[in-house]
Amino acid sequence: MRRNHVQTIGIAGGSGSGKTRLSLQLEEQLQPLVVKIFHMDHYYKEVRPQSRASFTDKEYEDFNHPDAVDVHRILQDYFAAVQGQNFDVIIIEGFLLFHFPELRNTLDLKVYIDCQADERSLRRMKWFLEKGYTYDDTVAEYLDLVRYRHDQYVEPTKWFADIIMNGATGPRKGMNMLLRWIEMKSRGM
């Protein structure tokens, strides 16, 4: 039998900070609870804004701007999951998550993973190279656009978080805290 209230957790932080890793580890550790994860990376609009880099004047498809996210679609899917009561825990993870008040204000717990820019950029580089992007293109986009968008749209939102976790040390301690919080909430504490 499901509880009346689904626990909703938002995980935000810069690109490469460890949001996806933490959400997947939480899902694994929370078994046998039924967990639904929404990855905001799956909610980009088909047509995204184009932006010009300030110094190089190179044009980029701007995945790092809030206008690139289909907020209407994620809200629709998220509210359907919450109202359907088929899940015990719903996790939304995304670097722009806390930018949108219509999402962040519905969360029971907001977690921000803080991680130094150099470590995030190296993790991001590894991920993009594994996906087949070139080293030069990945570095250029990061230096021309991504780091500025982080400072503009992501970093300021960490003050909306209930918990700020250290993304450099891995999620073990923070994950244990989150697991205890979910357990307490599921017992009505």
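Please treat every number below as a calculation from the coordinates, not as lab data. Just so it is clear, the structure is predicted and the values come from calculations on it, not from any experiment. Heads up, the Cβs are rebuilt from the backbone with ideal geometry, glycines too, and the neighbour counts pull from every protein chain shown.
Mind putting a number on the dipole of the chain about its Cα centre? Charges go on the C-beta only, +1 for Lys and Arg and -1 for Asp and Glu, and I need it in Debye to the nearest 20.
Roughly 820 debye for the chain.
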- the chain - Rg and Dmax from Cα coordinates, angstrom: 17.1, 58
- Item | Degrees between helix 71-84 axis and first principal axis of the chain (Cα, 0 to 90, nearest 10) | 10
- Query: Among all lysine pairs in region 7-186 that are eight or more places apart or on different chains, how many have alpha carbons less than 18 angstrom apart?
  - Reply: 10
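Excluding VAL71 itself, calculate the net charge of residues whose Cβ lies under 10 Å from the Cβ of VAL71, where each Lys or Arg counts +1 and each Asp or Glu counts -1. Mind showing how you got there, number by number?
Values: positive: LYS45, ARG73; negative: ASP67, ASP70, GLU102.
Around VAL71, the surrounding residues sum to -1.
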